[in-house]
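Here is the structure we will look at.
The values are calculated or read from the model by the stated rules, or taken from the named source; none is laboratory data. These numbers come from a predicted model, not from an experiment. Cβ sites come from the backbone with ideal geometry, for glycine too, and all protein chains shown count toward neighbours. What goes into the accessible areas is simple: the full protein's heavy atoms, side chains included, and nothing from ligands, DNA or RNA. Shrake-Rupley method; radii C 1.70, N 1.55, O 1.52, S 1.80 Å.
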Amino acid sequence: MIDVLITGLLLGGTYALIAMGLNLQYGVARIMNLANGEMLVVGGFSAFWMYTGGQISPLLAIFLIAPLAFVLNWLIYRIMLVPLVKRAKTRGQLEVDSILATFGLSFVMVGLMTWAFGGNYFKYSFLARPIELVGYTYGLNRVVAFCCAVVICGLLYLWLNRSRMGVAFRAVAVNPDSARLVGIDVKHLSAIAFALGGAVTAVGGAVISTYLTLDASTGIVFTMKALIIVIMGGVGDVRGTIIAALLLGVAETFVASYIDPGLTLAAAYAMFILILLFRPQGLFGKKPT
Amino acid sequence: MSAQDWKHLTFGAVLLVLAALLPLTDNGYLMSIGVTIAMYVVLCTSWALFSGPTHYISLATAAFFGIGTYVTALGIDTLPYWTLLPIAAVVGAVVAGLVGLATLRLSGVYFVIFTLGLAEMVRQVVTWWQNQTGQHGSYVLTDIMEQHIYWQLLGLAALVYLAGWAIGRSRLGFALRIIGDDEQVAAHSGINTARAKVALFMVSGLVASVTGAILAPRYVYIEPSLAFAPMLSFQVVIMALLGGPGRLWGPLVGVIPFTLLWEVIASNFPNQTVLLLGVSFLVIVYVLPDGFVGLIEKLRKQRVDT
């Protein structure tokens, strides 16, 4: 019972990292990025490739993956999404266009990865040693991945709340039009937020690849989970995202251990429906007046 | 009805009769493409009935389609075939109603996300339930031939077009167009936006479910990963948008070229289908945002102007 709970929390920690990336992209840049999961797989694959090819530890690899993913996502935003932002007359129009464009992008990325690396699963053995916590044993890689996620989420939280740029980010998240009035460069910040979100997700992918098996087409599952977490936690709400991610991790692990491992998405959906019915504004969100 | 309406109706009827003659060619390959095209015409047109005016992208077609095939698969041994289609219709409409009630009261993003995973979620539940009961797939053995499926689909297509035409002229259709333009304005002018959206979503779920039920005999062996293949939802979205969901006949002009093109692609580049599907999405968003319908109307306008 307790071991299932802890396994769930460990999993939820990494989910928080992935969902945080999506939340930055949706909350600040207003792009519902359905290719988020593929960015995760790209991060995971890079970590795999560096570990098997160059014996670089994934914990070091993330320092290389993060800037690369930042640049890649910045380019995606500038080249693919800025034209849509310019063209959109309403927020709804941008939402539809960006959903379709990023959906297309996700297929292109899956297609390219399958083409380049084949449809095989990739897995490597990193820190696959047992470690004992409160009387039960867990894989050391899971615990390390959780610690990694905690550190990165913590840094992001501090940065968003304490730094000048973080405050500007939150202002854009609340209302882009008003943010412009107080002299915030919304266009520039949106691009940075999108890029940063992509980098966080790619790092999440590198971290998760240390203990989960990935393949070129698993991205969509993670997109789905990240979306559910962001909605549960509330758009732009770091604290809500973390709580929601932990809840999802625990719920999935309980369903997988006590009912059937094939029902994890159904568990996520059950939570999704409850949130939609009772708290559509997010766990800690205020009811719109 | 005006003279214009009669003209359109006659034109449609003539097309339908011509299409119904296809099995007379007695060509297996043509027949198989015909069934595929008829299937996508039904699915895309009913998809556009809801998503066209409201701009809510539904990715749930595969879920309803799969539910329909399962109605046939489970009922074929105990119930007469003709009762299965109405059952599939009811089940599809009820599921769509429940999904709509949970998501359509809120903004569009929730709906898209919910429908994105719906097919996969239903697939997981059906697989789990099959594992519990110890069966893995079911056989649908009937004497229904390819041309029977084709004629049924044509009949369904005719019904969908009539329904779309009737909805377009009704208060409901008018309400949906206002919702699509500005949901707040719609709510302020006294439209029950949630009810209008749920009602139309139920129509599109119902049609997809019946389509699945009709096509089940074609697959012979039904298993969850086949019935709930998520690719179907994406292809329906692409074809409907390629044609242009704003007009009733829009999806038709998207389905025919895309199905033929996809036949070529699937046989020549079987490993690149996902990549090319993604490229099609991007082409639609960046090159043809209003679909063929938008293109045709632009050309027409240019001709009038010059």
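Rolling a 1.4 angstrom probe over the range B:49-190 with all protein chains present gives an accessible area of which 66% lies on carbon and sulfur atoms. Debye-formula intensities of chain B, expressed as log10 I(q)/I(0) at q = 0.07, 0.12, 0.13, 0.14 Å⁻¹, are -0.27, -0.82, -0.97, -1.13 (one equal scatterer per alpha-carbon, no solvent). For the range B:226-270, the relative contact order is 25 percent, taking Cα pairs closer than 8 Å that sit 6 or more residues apart in sequence and dividing their mean separation by the residue count. Atom-type composition of the exposed protein surface of the range B:227-306 places 66 percent of the accessible area on carbon and sulfur (1.4 angstrom probe).
State in Å² the accessible area per residue of the range B:110-235; use a 1.4 Å probe, count heavy atoms of protein chains only, and round to the nearest integer. If you can, show how the numbers build up before the last one.
Details: 5760 Å² over 126 residues.
With all protein chains present, the range B:110-235 gives 46 Å² per residue.
Measuring between their Cα centroids, the range A:188-240 and the range B:137-167 lie 42 Å from each other. Principal-axis analysis of the Cα atoms of chain A puts helix A:2-27 at an angle of about 20° to the longest axis. Overall form of the range A:49-189: oblate. Here a/c, set by the Cα gyration tensor axes a ≥ b ≥ c, is 1.5 or more, and a/b is not larger than b/c. Placing one identical point scatterer on every Cα of the range B:1-69 and ignoring solvent, what is log10 I(q)/I(0) from the Debye formula at q = 0.16 Å⁻¹? Treating every Cα as an identical point scatterer, log10 I(q)/I(0) equals -0.82. Using every pair of separate Cα atoms, the Kirkwood estimate puts the hydrodynamic radius of the range A:153-289 at 16.7 angstrom. Taking 0.36 nm per residue of separation and subtracting the current Cα-Cα distance, fully stretching the chain between B:Val287 and B:Leu141 would add 48.1 nm.
Using C-alpha pairs under 8 Å with a sequence gap of at least 6, the mean separation divided by the residue count of chain B gives a relative contact order of 32 percent. Accessible area per residue was computed with a 1.4 Å probe on protein heavy atoms; A:Leu212 scores about 50 Å².
For the range B:166-247, what Kirkwood radius comes out of the mean inverse Cα-Cα distance, in Å? Before the final figure, lay out each step's value.
Details: mean 1/r = 0.0660 Å⁻¹.
That comes to 15.1 Å for the range B:166-247.
With each label modelled as a point 7 angstrom along the Cα→C-beta vector, the B:Val279-A:Leu274 pair spans 4.6 nm. Chain B contacts chain A over a buried accessible area of about 3200 Å², both sides summed; the probe is 1.4 Å and only protein chains count. Near B:Gly100: Cβ cut-off under 14 Å, other residues only, Lys/Arg at +1 and Asp/Glu at -1. The net charge is +3. Between the C-alpha center of the range A:250-289 and that of the range B:247-306 there is a gap of 38 Å.
Computed in the context of the full set of protein chains, the accessible area of the range A:41-185 at 1.4 Å probe radius has 66% of its extent on carbon or sulfur. Its DSSP H runs of at least 4 residues, each contributing -39,500 (n - 2.57), put the calculated 222 nm mean residue ellipticity of the protein assembly as shown at -25500 deg cm²/dmol, to the nearest 500.
Equivalent ellipsoid of the protein assembly as shown: semi-axes from √(5λ) of the C-alpha gyration tensor, largest first, are 41, 29, 23 Å. When the P(r) is computed for chain A, the part past 28 Å accounts for 35% of the Cα-Cα pairs. Once each part is reduced to its C-alpha centroid, what is the distance from the range A:123-172 to the range A:18-44 in angstrom? After rounding, the separation between the Cα centres reads 17 Å.
Each Cα pair under 8 Å and six or more residues apart adds its separation to the average, and for the range B:164-229 the resulting relative contact order is 18 percent.
Contact-buried residues of the range B:274-290, at a threshold of 50 Å² lost accessible area versus the chain by itself: B:Val274, B:Leu275, B:Phe281, B:Leu282, B:Val285, B:Tyr286 (1.4 Å probe; DNA, RNA and ligands ignored).
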